[in-house]
Amino acid sequence: MVGHIYVANSGDGTVSVFTIGSGASAGVLSQVGSNFQVTGANTVFNVLTDPTGKYLYILDSPVTAGQVFAYNLDNTGAITTPIGTGPLATGAGPIGMAIDPTGALLAIDNNIDATISLFTVSTSTGALTPFNPATVTTGQVAEFLTFYTAASDQ
């Protein structure tokens with residue numbers, strides 16, 4: 001199986017996509033097309049794929065309220081069509097993203113306002129829906145998060 005690497009380029013609001021070589025070319029990175037321009041983003045800060053590799057989530061992290069974009073991926077790893085009608089709002093200064101192992105929840109930490117934004121993820125379309133409540137408070141300067149599921153909970 002060939003994998004891909006996605007890189008958020010905050011300097012120009014793009015995402016770079018690379019294929020990871022296998023066999024004799026193991027570990028060699030080859031760029032897939034040109035950098036993908038994230039229209040409407042200010043500071044592309046983080047990227048994350050779902051467990052199936054079908055969807056890509058792109059985090060826009062200005063100091064003010066951020067936003068998360070959702071896109072479909074094709075079988076070459078290229079970023080294709082947007083999912084939904086546009087980006088969804090997060091808290092201020094979002095930095096980290098995590099998706100649970102089932103692909104049903106996406107969490108984003110918001111550094112400036114010390115909250116977590118939580119979204120449900122449609123496993124059939126990749127569409128995001130804000131959880132209710134949309135944010136919960138954390139400690140000061142929230143940075144990076146992860147999901148944990150004990151083996152007995154699976």
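The values are calculated or read from the model by the stated rules, or taken from the named source; none is laboratory data. Owing to the predicted nature of the structure, the values given are computational and were not obtained by experimental measurement. As a convention, Cβ positions derive from the backbone with ideal geometry for all residues, glycine included, and neighbour counts pool all protein chains shown. The protein model used for the area step is the full one, side chains on, heavy atoms only, and it has no ligands, DNA or RNA in it. Shrake-Rupley method; radii C 1.70, N 1.55, O 1.52, S 1.80 Å.
Annotations for the structure displayed:
- The condition of being modelled with pLDDT under 90 and within 15 Å of Ser122 (Cα to Cα) holds for only one of Thr85, Thr49, that being Thr85.
- When Pro62 is tested against (1) open to solvent by 30 Å² or more (accessible area, probe 1.4 Å); (2) modelled with pLDDT under 90, exactly one condition is not met: (1).
- Checking each residue in the range 29-43 for being touching a Ser or Thr at 6+ places or on another chain (Cβ under 9 Å) and either among the β-branched types (Val, Ile, Thr) or assigned to a strand (DSSP E or B) (or both) picks out Leu29, Ser30, Gln31, Val32, Phe36, Gln37, Val38, Thr43.
- In the range 72-88, residue most open to solvent (accessible area, probe 1.4 Å) [restricted to those that are free of Cβ contacts under 8 Å to residues at least 40 places away in the same chain and more than 13 Å from Val17 (Cα to Cα)]: Thr85
- Of the strands (runs of 3 or more DSSP E) contained entirely in the range 44-112, those carrying at least 3 residues that are out of contact with any Leu (no Cβ under 9 Å at 6 or more places or on another chain) fall at 88-92.
- Unmet criterion (only one of (1) under 30 Å from Ala114 (Cβ atoms); (2) open to solvent by 20 Å² or more (accessible area, probe 1.4 Å)) for Gly13: (2)
- With respect to the conditions (1) at pLDDT 95 or above; (2) within 20 Å of Val44 (Cβ to Cβ); (3) outside any strand (DSSP E or B), Thr125 falls short on a single one, namely (2).
- Meets criteria (among the polar types (S, T, N, Q) and open to solvent by 60 Å² or more (accessible area, probe 1.4 Å)) for Thr129: yes
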